[in-house]
1. Restricting attention to segment 294-353, which residues are outside any helix (DSSP H, G or I) and surrounded by fewer than 24 Cβ atoms within 10 Å (Cβ to Cβ)?
2. Assess whether Leu100 counts as being in contact with a helix residue (DSSP H, G or I) (Cβ under 7 Å, 6 or more places away or on another chain) and under 23 Å from Arg183 (Cα atoms).
3. Here are some residues: Ala154, Ala125. Which one is surrounded by fewer than 23 Cβ atoms within 10 Å (Cβ to Cβ), of a type in the set (A, V, I, L, M) and outside any helix (DSSP H, G or I)?
4. Could you grab me the full set of residues in segment 80-101 that are over 10 Å from Ala168 (Cα atoms) and of a type in the set (D, E, K, R)?
5. Of the numbered conditions (1) β-branched (Val, Ile, Thr); (2) over 19 Å from Ala344 (Cα atoms); (3) at pLDDT 90 or above, Ile145 fails exactly one; give the number of that condition.
6. Do you know which residues across segment 36-68 are among the charged types (D, E, K, R) and either touching a residue at least 12 places away in the same chain (Cβ under 8 Å) or in contact with a His (Cβ under 6 Å, 6 or more places away or on another chain) (or both)?
7. Can you pull out every residue in segment 29-59 that is of a type in the set (Gly, Ala, Ser), assigned to a helix (DSSP H, G or I) and at pLDDT 90 or above?
8. So, in segment 43-89, of the ones that are among the charged types (D, E, K, R) and over 18 Å from the mean Cα position of the chain (by Cα), which residue ends up surrounded by the most Cβ atoms within 10 Å (Cβ to Cβ)?
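The values are calculated or read from the model by the stated rules, or taken from the named source; none is laboratory data. Owing to the predicted nature of the structure, the values given are computational and were not obtained by experimental measurement. As a convention, Cβ positions derive from the backbone with ideal geometry for all residues, glycine included, and neighbour counts pool all protein chains shown.
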Amino acid sequence: MNRVTAALLAALIFLVALNLRPAIAAIGPVLTRIGDDLGWGESILGILSAMPLWAFALVSPLVRFVTARIGADRTILAALLVLAVGDVTRSFGGPAGIWLGTVAVGAGIAAGNVLVPVIAKRDYADHVSMATGVYSACITTGSAIAGLTASPLAVALGGWRPALAVWAVPPLIVALLWLMRVRRERTTVMTRPAAIAENQRVAGEPAAGKTTAGESADNPGPALSVSDHAPIEDRPLWRRPMTWYVTLFMGLQSAAFYTMSNWLPSVVVNAGFTDSVAGVHLFVFQSLGILSGLLIPALMRVRGNQVCAAMTASVPMVVAGFGWMLLPRLSLLWSVIGGMGQGAALVVALTLISLRGRTSAETVALSGMAQSIGYLLASIGPLAFGTLAELSGGWTAPLILFTALAATQCVIAVFAGRERV
């Protein structure tokens with residue numbers, strides 16, 4: 001296989017990233033339609049919004065075991081197919097289908113959430129920050145497009161069900177392309193022990209004959225996340241304070257993003273804007289994350305740590321929270337500020353996972369833990385937001401909670417951004 005073909009196959013990981021948010025981001029603009037159609041209040045809609053995050057929390061730690069058996073590429077293929085099936089089931093599976101389909105959507109995306117950064121780190125080992133910025137931009141792009149088009153699609157196609165089912169098509173297309181990588185894996189001249197070692201290395205198990213300090217026999221060179229003179233950390237991941245800081249940062253930035261992705265249109269409409277304008281505000285909030293996600297890596301090594309980057313990504317969401325609460329008529333401005341923060345925060349969170357893991361195996365384990373517990377924490381955001389809105393009959397109380405979580409993220413950013421000792 002020539003180098004051009006290999007590079008194109010490696011770049012397919014960015015197409016996978018494009019599919020990791022649309023099925024969720026498309027919900028927010030049609031959330032009111034779903035509630036009116038099914039007779040659901042904000043509390044039940046909050047549960048529906050939180051369910052993908054619960055699926056993330058449940059499935060993320062299991063991904064490493066599936067990958068150990070069938071390999072990373074086949075796991076990604078299965079995840080894309082599960083995502084597509086979930087999209088269709090959620091729309092056309094009847095009363096139970098919306099819940100089962102939402103769980104399937106979350107499960108498919110969870111596998112991608114865990115493996116995309118690991119595969120990107122493996123395939124772009126010399127450009128981790130660049131690869132992280134690009135696939136994060138792809139994640140944000142997919143989310144922004146889905147948020148912008150969800151309401152118009154519901155009008156054009158005659159309801160929220162076909163508007164959500166549309167998002168089964170992109171993962172199917174990418175799955176067909178991804179088959180080329182699976183076939184390449186199958187036909188690559190590799191001895192069975194070497195193939196097993198490679199799957200173990202990506203899945204999170206130590207491979208025989210390999211070093212575990214960031215260097216391997218087939219990939220010599222410095223570790224990605226530990227300096228040449230850094231001491232080896234012998235404690236398990238769950239006993240390291242840095243693991244919990246990274247996990248909390250992942251959870252809090254995810255809570256901010258998913259809360260606004262689901263409820264921002266409702267907040268904007270309540271401020272006196274139309275549904276179409278609310279969709280534009282959501283698009284601005286999500287799309288500006290593309291720019292900030294590409295810019296934030298420049299701050300990732302200020303003073304030798306990630307504190308500056310983490311704080312730069314966290315403070316804007318606090319400002320936006322106060323803005324939506326106190327001056328909702330300026331919602332577009334707060335969407336701009338909050339959007340710049342959320343895109344940068346995602347890149348910081350994913351980069352911290354890559355930098356704090358010494359090896360691919362440890363990175364998978366850290367990614368699974370950070371995303372499992374982190375998304376469980378994140379689910380509090382959209383669920384509590386909807387419940388507080390229904391109980392209080394307004395949006396001030398939920399926005400106070402949102403702003404408080406964003407402020408907590410600023411505190412955690414200082415600890416998570418420090419270089420691991």
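1. Residues satisfying the conditions are Met300, Arg301, Asn305, Leu327.
2. It is false that Leu100 is in contact with a helix residue (DSSP H, G or I) (Cβ under 7 Å, 6 or more places away or on another chain) and under 23 Å from Arg183 (Cα atoms).
3. It is Ala125.
4. Residue satisfying the conditions is Arg90 alone.
5. (2)
6. Within segment 36-68, Asp37, Glu42, Arg64 qualify.
7. Correct list: Gly35, Ser43, Gly46, Ser49, Ala50, Ala55.
8. Checked segment 43-89; the qualifying residue surrounded by the most Cβ atoms within 10 Å (Cβ to Cβ) is Asp73.
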